[in-house]
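Here is the structure we will look at.
The values are calculated or read from the model by the stated rules, or taken from the named source; none is laboratory data. None of the values given here were measured: they were computed from a predicted structure. Note: ideal-geometry Cβ built from the backbone for every residue, glycine included; neighbour counts use all protein chains shown. Heavy atoms of the whole protein, side chains included, go into the accessibility calculation; ligands, DNA and RNA do not. Shrake-Rupley method; radii C 1.70, N 1.55, O 1.52, S 1.80 Å.
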Amino acid sequence: MNKVPENPLKNRKEDFGPLCAISGLLVMLYITSNVLAVKIINVGGLSLFDSGTITFPFAYMLGDILAEVYGYRTAKKVIILTFVCNIAFIAFTSIAIILPYPEYMEETQRSFEAIFSYVPRIVFSSLLAFLSGELVNAKVLVKIKERQKNGKMLFIRTIGSSLIAYIFDTVLFVLLAFLGTVPFRDILSMIWVQYLAKALIEACLGTPLAYLGVSYLRKTYGTLQHNR
């Protein structure tokens, strides 16, 4: 009896384990960010921003790890996957809103609608800002790394790429979502506060976690092949 040949890719840990985990976490973080966006944070009565801002830097941190370890082409595929998953999430929750429900669940239905009744303009702005911001973040990180040549000083790549990407993400989202409906002075305040919050979280938490993630992957799985 002839043996079935072993799949040469089956036991390659670097092809499935960490990349699968990072992809799943990125999808989770972005969907979580959009749910948290319903909760508005008041900053000392001076400015408002949604609580999804808290989780976005961690999504960018995972984007940094993807671009640093796997290269831009792989990072791009995972970012697009995340984008598609969020569209599916929005579609299914929107369908769930209009499905019939028993009368005794009316209060639950109202709460469900309050959380998942999306404003089309906000949804479009969020999706476009995420896609452009994450792709810029990954591309800039790879470009900085190519210029550095030695691959050291990861913090320059993570913070530098995020600071540039946050301009696209934050400015694009706030302008598309609120221009014409909110006083321009408040729009400028929202952009500044959100950008600053994301940058601080990235520098204080996102970058240290990126160091840990990249170090773990390289120590455990070796030097993974880049796919730029």
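Results, tabulated for the structure shown:
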item	result
Separation between Cα centres of region 61-116 and region 140-199, rounded to whole Å	22 Å
Apportionment of accessible area to carbon and sulfur, the chain, percent (1.4 Å)	69 percent
Order by protection proxy (mean Cβ within 10 Å, highest first), peptides 98-106, 155-163	155-163, 98-106
Cα-centred dipole magnitude for the chain, charges only on beta-carbon of K, R (+1) and D, E (-1), debye, nearest 20	1300 debye
Global form of the chain, assessed from the alpha-carbon gyration tensor, a/c cut-off 1.5	oblate
Cα-based Rg and Dmax for region 42-157, where Dmax is the largest Cα-Cα distance (Å)	19.0, 65
Computed helical MRE - 222 nm, the chain, DSSP H runs ≥ 4 contributing -39500 (n - 2.57), nearest 500	-22000 deg cm²/dmol
For region 96-215: accessible area per residue (Å², 1.4 Å)	57 Å²
Lysine pairs with alpha-carbon atoms under 16 Å apart, the chain, spacing 8 or more or separate chains	7
Length-normalised contact order of the chain in % [C-alpha pairs under 8 Å, at least 6 apart]	28 percent
Size of electric dipole in region 125-179: Cβ of Lys, Arg +1 and of Asp, Glu -1, about Cα centre, debye, nearest 20	420 debye
Unit charges at the beta carbon, dipole of region 117-228: most positive-side option, I164, F184, V142	V142
Ordering of 134-145, 60-71, 77-88, 33-44 by burial proxy (mean other Cβ atoms within 10 Å per residue, highest first)	60-71, 134-145, 77-88, 33-44
